[in-house]
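Worksheet for the structure shown next.
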Amino acid sequence: MSNIQILWVDDEIDLLKPHILFLEKKNYSVTTCDNGAEAVDMIDEQNFDIIFLDENMPGLTGLETLNEIKNKRENVPVVMITKSEEEYIMEEAIGSKIVDYLIKPVNPNQILLSLKKNLDHSRLISQKTTSSYQQEFRKIAMDLSMINSFEEWSELYQKLIYWEMELEGIEDSGMFEILESQKTEANNQFCKFIDKNYPDWFDGYDAPTMSHTLFKDKVQPHIKKGTPTLFVVIDNMRYDQWKAFEPHLAAHYKKVQEEPYYSILPTATQYARNAIFSGLMPEDMKKKHPNLWLDDTDEGGKNMHEAAFLEAQLKRLSLDVKWEYHKITNLKNGKKLADNFKSQKDNDLTVVVYNFVDMLSHSKTEMEVIKELASNDKAYRSLTESWFKNSPLLSMIQQAQELGMKLVLTTDHGTINVKNPSKVIGDKNTSLNLRYKTGRSLTYEDKDVLAAPDPRTIHLPSINMSSSYIFAKSDLFFAYPNNFNHYVSYYRNTYQHGGVSLEEMVIPFVVMEPK
């Protein structure tokens with residue numbers, strides 16, 4: 001006999017004998033009763049896996065019985081069966097959290113389908129997902145050996161994200177481990193691709209949209225007088241995090257464009273976000289705006305002049321529009337802008353930089369509570385989604401939809417969970433970032449880094465004549481030999497950025513129209 005226990009409640013239960021025999025032959029155990037009051041008593045005595053409930057019964061009606069059942073066993077799935085197709089009954093039943101709604105006469109296969117959908121759903125989905133990924137695994141493995149363009153890398157990374165999010169909920173952890181190993185291999189191959197091709201992207205070679213070309217190539221076409229646009233840059237947001245909270249925008253906006261673009265190196269806020277707003281590579285920012293650019297070793301905030309950079313770029317692009325810039329660095333500032341968001345209605349362009357995800361990833365390093373909450377990529381996505389759906393940012397986006405504003409949403413770079421240390425030695429003026437270093441006389445493991453001995457080849461500024469840059473590959477992080485073990489223990493399994501990985505470099509750009 002099956003372990004599945006069914007309670008079927010119907011005042012004409014004798015007429016359903018063929019259905020019950022059908023289920024019993026399928027090894028389901030069926031208990032029956034012909035009124036709601038008896039059903040309520042029975043659930044006190046026995047734990048049922050699912051209940052089939054007739055809506056139209058004398059005495060306690062189906063809806064009244066449903067309420068009694070839910071008061072006692074909130075989580076037991078209930079399937080409502082009725083002769084009536086009246087809309088208010090459907091709404092009442094659905095509002096009372098039924099799992100299915102069937103119209104009489106029902107045939108045995110409808111009942112069986114409802115059982116499988118509501119009781120075997122996770123198992124069936126798990127089996128189908130596992131089978132589908134096993135087929136896709138071989139294709140991805142073949143693709144990895146042949147990929148040779150930034151478009152193909154973007155496509156493959158999105159495919160890996162899709163399967164990661166599909167597999168995270170299944171029961172077979174072995175499949176997830178296989179995917180993790182495939183992601184690691186993909187990152188190793190991606191680092192080789194970037195090492196070989198990245199410098200050529202600045203010389204007119206076939207290049208992707210990058211941080212310094214994003215605004216001109218992708219954002220500018222959506223900025224027009226009389227057509228308000230909200231441009232949101234969520235700092236340090238990975239592609240999988242975007243996919244996690246995308247569904248929360250569906251009620252307000254429809255997506256008309258989504259494509260990956262590439263963050264410049266270093267994949268750090270100081271470089272990548274300044275490049276977005278200035279439309280320049282860091283070397284050119286330092287030359288053209290020496291009063292706005294700060295090197296790694298300079299005192300002061302490195303992202304204090306984004307509005308000034310944007311103003312210069314708008315002038316250079318001859319965009320004569322009314323615009324405002326807002327940077328949100330804490331909950332108080334976010335609520336203040338959300339409360340007064342309607343004041344943005346007359347702008348052609350409203351820019352909002354939201355720093356939450358960046359603060360989250362860095363606080364994970366510093367705070368044990370956050371470290372526990374975001375212990376892996378699945379938890380990190382979940383935490384981001386939870387923040388977003390309760391954030392002032394979602395309130396701003398909802399209000400933007402009401403004001404008829406187009407939504408352009410993106411990020412400056414992603415982040416990666418670092419797992420393995422790589423020793424590096426530098427002088428006291430070497431930058432402190434865990435995923436990239438710039439300075440003189442850097443000593444490092446060649447195999448672990450993408451090196452730029454001459455920063456000019458990738459359009460980065462030099463702090464002095466002999467400065468170079470190194471970028472950590474895949475999931476590595478830089479650690480100094482002094483107090484090495486403590487340093488490694490402190491930073492391992494934290495989220496960092498600045499280096500070379502799919503997670504940090506291949507990031508989302510999305511355009512949405514209000515519904």
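Observations on the structure shown:
- Span per principal axis, largest first, for the Cα atoms of the chain (Å): 92, 52, 41
- Region 105-250 has equivalent-ellipsoid semi-axes of 38, 25, 12 Å, by the square roots of 5 times the alpha carbon gyration tensor eigenvalues, sorted largest first.
- Shown in residue order for region 480-485 are the 3J(HN,Hα) couplings computed by the Karplus curve 6.51 cos²θ - 1.76 cosθ + 1.60 at θ = phi - 60°: 7, x, 5, 6, 4, 5 Hz (x for Gly and Pro).
- Angle of helix 108-119 to the longest C-alpha principal axis of the chain, folded into 0 to 90 degrees and rounded to 10: 40°.
- Loop-located GluC sites (Glu not before Pro) in region 290-332 (DSSP state not H, G, I, E or B) with no more than 14 neighbouring Cβ atoms inside 10 Å: E299.
- Here, region 5-119 yields an orientationally averaged convex hull projection of 6.3 nm² when only Cα atoms define the hull.
- The alpha-carbon positions of region 417-496 define a convex hull whose volume is 88 Å³ per residue.
- Value of relative contact order over region 5-119, rounded to a whole percent, pairs C-alpha under 8 Å and six or more apart: 24
- Restraint check, K287/K322; K225/K315; K254/K406; K192/K447; K342/K406; K218/K254, Cα-Cα greater than 21 Å: K287/K322
- Gain on full stretching of the segment that runs from L292 to M142 - 0.36 nm per residue minus C-alpha separation: 49.3 nm
- The chain: antiparallel DSSP beta bridges as a percent of all, rounded to 5: 40
- Using a cutoff of 8 angstrom between alpha carbon atoms and counting only pairs six or more residues apart, the relative contact order for the chain works out to 16 percent.
- Only helices enter this figure: runs of n ≥ 4 DSSP H residues, each worth -39500 (n - 2.57), summed and divided by the residues of the chain, yield -13000 deg cm²/dmol at 222 nm to the nearest 500.
- Taking Cβ atoms as reference points and 15 Å as the exclusive limit, the residues near K345 contribute a net charge of -1, counting Lys and Arg as +1 and Asp and Glu as -1.
- In loop segments of region 185-237 as defined by DSSP, the chymotrypsin sites (Phe, Trp or Tyr not before Pro) with at most 13 further C-beta atoms inside 10 Å of their C-beta are Y205.
- 3J(HN,Hα) along region 417-425, derived from phi through the Karplus expression 6.51 cos²θ - 1.76 cosθ + 1.60 where θ = phi - 60°, amounts to 6, 8, 10, 10, x, 9, 6, 9, 10 Hz, with x in place of Gly and Pro.
Values in this text are rule-based calculations from the coordinates and carry no lab data. Being a predicted model, the structure only gives us computed values, none of them experimental. As a convention, Cβ positions derive from the backbone with ideal geometry for all residues, glycine included, and neighbour counts pool all protein chains shown.
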